[in-house]
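The values are calculated or read from the model by the stated rules, or taken from the named source; none is laboratory data. Small disclaimer: the values here were computed from a predicted structure and weren't measured. Using ideal geometry, Cβ is built from the backbone for each residue, glycine included, and neighbour counts are taken over all protein chains shown. We work out accessible area using only protein heavy atoms, side chains counted, and drop any ligands, DNA or RNA first. Shrake-Rupley method; radii C 1.70, N 1.55, O 1.52, S 1.80 Å.
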Protein chains: 2
Amino acid sequence: MSESKKFILQEQDIPTAWFNIIPAMPVKPAPMLDPASKRPLTAEDLFPLFSEEAARQELNFTDSWIEIPEQVRDLYKIWRPTPLVRARGLEKALDTPAHIYFKNESVSPVGSHKLNSAIPQAYYCKQQGVTNITTETGAGQWGTALSLASKMFGIELAVYMVKISFNQKPYRRSMMQTYGAQVIASPSMSTRAGRKIITEHPNYQGSLGTAISEAVELAMSTPNCKYALGSVMNHVALHQTVIGLEAERQMEMAGEYPDIVIGCFGGGSNFSGISFPFMRHNLAGDRTTRFIAAEPASCPKLTKGAMRYDFGDEAGYTPLIPMLTLGHNFSPANIHAGGLRYHGAGAVVSQLKADGLMEAVDIPQLETFEAATLFAKSEGLIPAPESSHAIAAAIREAKRAKEAGEAKVILFNLSGHGLIDMAAYDRYFAGDLANYDLSETDLTETIAGLDMVPGHE
Amino acid sequence: MSESKKFILQEQDIPTAWFNIIPAMPVKPAPMLDPASKRPLTAEDLFPLFSEEAARQELNFTDSWIEIPEQVRDLYKIWRPTPLVRARGLEKALDTPAHIYFKNESVSPVGSHKLNSAIPQAYYCKQQGVTNITTETGAGQWGTALSLASKMFGIELAVYMVKISFNQKPYRRSMMQTYGAQVIASPSMSTRAGRKIITEHPNYQGSLGTAISEAVELAMSTPNCKYALGSVMNHVALHQTVIGLEAERQMEMAGEYPDIVIGCFGGGSNFSGISFPFMRHNLAGDRTTRFIAAEPASCPKLTKGAMRYDFGDEAGYTPLIPMLTLGHNFSPANIHAGGLRYHGAGAVVSQLKADGLMEAVDIPQLETFEAATLFAKSEGLIPAPESSHAIAAAIREAKRAKEAGEAKVILFNLSGHGLIDMAAYDRYFAGDLANYDLSETDLTETIAGLDMVPGHE
């Protein structure tokens, strides 16, 4: 029999605890601050916004392992464990000595890794009797996941969807509606933040920052309602570590250990999910794996951003987060990887990057579609434009391995499929896409006025 | 730990041989005939049209097991084995004592079971040096699968896509183009058959029958080119038996055996795939499982068709096939389950139905979308409109089990996901869909003039 392509775990192999990297970090992230008083926030300060358990997890700097509730684990069984795949077709197409593996998170019913955090977030809301949730979504992956998760627990959901995606990706909207969610194009007239921006810029096509403002405003003004976020926050990264924990066992089945781990990067959730479980062995001094976050060249917060206290949203409703940021007023180009169009990185990843414990690369849009098309033809799966950033970074490393004649072991996260994004592929084939490369652009203006984070002057 | 939802096999559990039901049939299907001479066809007669191995398999009435080539099995590993899932969410939503299982074929990279036959068909073409393949596709599932399979073997593919689907499902077209196939809306001006029908009916939106005619005509007039079909034929049903063979082992893991097996029905490939391996135990006298084919009420060939010698295509290029048919000039309504809009059933299924070894039910379109929406909300997966016919039939049986207070074990095949069909869901929610129920309509006109099949007068 020929060699294995997939490494398959059973339901009992789904992790029983999430991995919290913070206790193992040599330098902890700076605290979030109250915007008015500049006082460090406690978990209790976050209770009005998030479920209490999510708030506690957000501020948990002490427990390395946090138990996954039985009901969450049971719902994970709908699609988890996900396969780890040896990308032999891609290796062959690249004629590389590298061994390329990918964790296939696209097999979830909603098509991406986002469900890993949507389920526990909805579960914790249900536990405390919450009846309504609000959220934002860019390309729609997070909104779709939370729509399904909310339905599972009988909670009503309102999703503010970035207007350009609402119009460009009608199938995503349909998916959310099929799961029973209410979907509103953002900016909308339903919130003060939305009305303000529509009034000032009638043709504004929306951004994740604005959609977050609208969702937060609605949550804060609705009884028994919480807000849920699909990335950036520590508790979201925490939930996503099921990806890396499963992958670790599957790499053992394959008899290898990754030299390089890669994830695409919007706010950090899927990158953290695939990376942190492997990174703990680096932090313990047992391994020297490289970790690479692949971000769009049009939104280069990790390579060109500055470490500042910044808002998570455009209107300034959220706490101040210590982040590598391009500024909350930075307006990213309309690339098709809508899930990566966000101005800042989560506090933990920002600190890890500042401490040299991970790397980042900027990928121009055309290179991501070239990588995606090669991947589709050689592995059969059509990747999401977001995930294609990770594929492009993996291809760069596989080519380097070929030049060096080294059989490097590369692992990347295929965070989602691109079946709802086929219009983007059409535009790519038609030659209609641009790179929006900002690597030579001065991006300091939008961070002017933001406070320094201590230790990062 | 709570009970299992999924039953997962390893790569080594992928079947090593397909199951050929014909040797076990009490009455064999009548032979295919040459349209001019009415002479029974041999495998050699089919060599100009199909690959030689596909032609041999088509006429193989003696071997119960046909070995799966190593390279095909290796490519199956990209997504196989597929999960068997206990639909506990759906059971709960229906409050039924029935145990409902589904085989999830939607996890294939192209989103349906069609790749199970596309890969061997492309492989056999490659083995004999074929450089070009033509085919037809309705909703696009088969065309997408053959696009990927052809790319895997470096063969050029031309796909005639039914015009209404070409326009309604642009994402399917994009997927085929991403895999490198040429996609032509049918009827087209590129063939005699296409030109004739466009000339006579300029606004004709196409049908599977017409698209088959165009694909066959192009194959017959192109050097080193073969035609490949995604359903109806014996060799296609043969390849699809990997579904049922895997499901049989997975039902053993679950400690149950199905009382009822259900598949949706267009030409018969996914129904045959899930059913035949279980049916062999009925034919051996060891089991009394019921087998139910779920067809659209708008295209009721199994319940209202007659057993006749009929063409597989509209223009009459194919051999005469002994089939339960509504006549090759029957024009099905524009339901969204484009893959089920076909006038006839394969020879084997037609014979099994005539002999009372299986049943058929007609499902109106609105009932299929109601079933699909309930399934999406309770199991998370958004099904293809085709597969929703099987879900609707399973729900009918689960409700009957509840009325009777019986813990029936129901297994159905989820042949594909509906992520490329979200526009159909939008129309359903908007109240724009009709049933096109033909159960009270006289359908004898379109079979007038077709020859009787001996034994079925």
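Some notes on this structure:
- Residue check, A:Ser174 within 29 Å of A:Leu245 (Cβ to Cβ) and of a type in the set (Gly, Ala, Ser): no
- Just one of the listed residues (B:Met253, B:Met233) is in contact (Cβ under 8 Å) with a residue 60 or more places away in the chain and surrounded by fewer than 18 Cβ atoms within 10 Å (Cβ to Cβ), and it is B:Met253.
- Condition met for A:Ala254 (within 14 Å of another protein chain (Cβ to nearest Cβ) and at pLDDT 95 or above): yes
- Taking region B:80-136 as the range and being touching a Lys or Arg at 6+ places or on another chain (Cβ under 8 Å), closer than 29 Å to B:Gln177 by Cα and among the hydrophobic types (A, V, I, L, M, F, W, C) as the test, the residues that pass are B:Cys125, B:Val130, B:Ile133.
- The set of residues in region A:73-131 being among the charged types (D, E, K, R), within 10 Å of chain B (Cβ to nearest Cβ) and in a loop (DSSP other than H, G, I, E, B) consists of A:Lys77, A:Arg80.
- The set of residues in region A:442-457 being loosely packed, with under 14 Cβ neighbours inside 10 Å, in a loop (DSSP other than H, G, I, E, B) and in contact (Cβ under 8 Å) with a residue 12 or more places away in the chain consists of A:Thr444, A:Ala448, A:Pro454, A:Gly455.
- Members of region A:412-432 that are touching a Lys or Arg at 6+ places or on another chain (Cβ under 7 Å), hydrophobic (A, V, I, L, M, F, W, C) and farther than 14 Å from A:Thr368 by Cα: A:Ile420
- With a requirement of 2 or more residues that are within 12 Å of chain B (Cβ to nearest Cβ) and over 30 Å from A:Thr210 (Cβ atoms), the helices (runs of 4 or more DSSP H) lying completely within region A:328-431 that satisfy it span A:365-379.
- Pick from region A:284-304, criterion of a type in the set (Ser, Thr, Tyr) and in contact (Cβ under 8 Å) with a residue 24 or more places away in the chain, ranking: surrounded by the fewest Cβ atoms within 10 Å (Cβ to Cβ): A:Thr303
- Restricting region B:164-182 to residues that are at the interface with another protein chain (Cβ under 8 Å from one of its Cβ atoms) and outside any helix (DSSP H, G or I) leaves a set whose member that is most open to solvent (accessible area, probe 1.4 Å) is B:Gly180.
- For B:Thr42, the requirement of being over 24 Å from B:Leu245 (Cβ atoms) and either in contact with a Cys (Cβ under 6 Å, 6 or more places away or on another chain) or modelled with pLDDT of 95 or more (or both) is met.
- If the condition is being at the interface with chain A (Cβ under 10 Å from one of its Cβ atoms), touching a helix residue (DSSP H, G or I) at 6+ places or on another chain (Cβ under 8 Å), open to solvent by 50 Å² or more (accessible area, probe 1.4 Å) and within 25 Å of B:Glu67 (Cα to Cα), then region B:1-43 contributes only B:Thr16.
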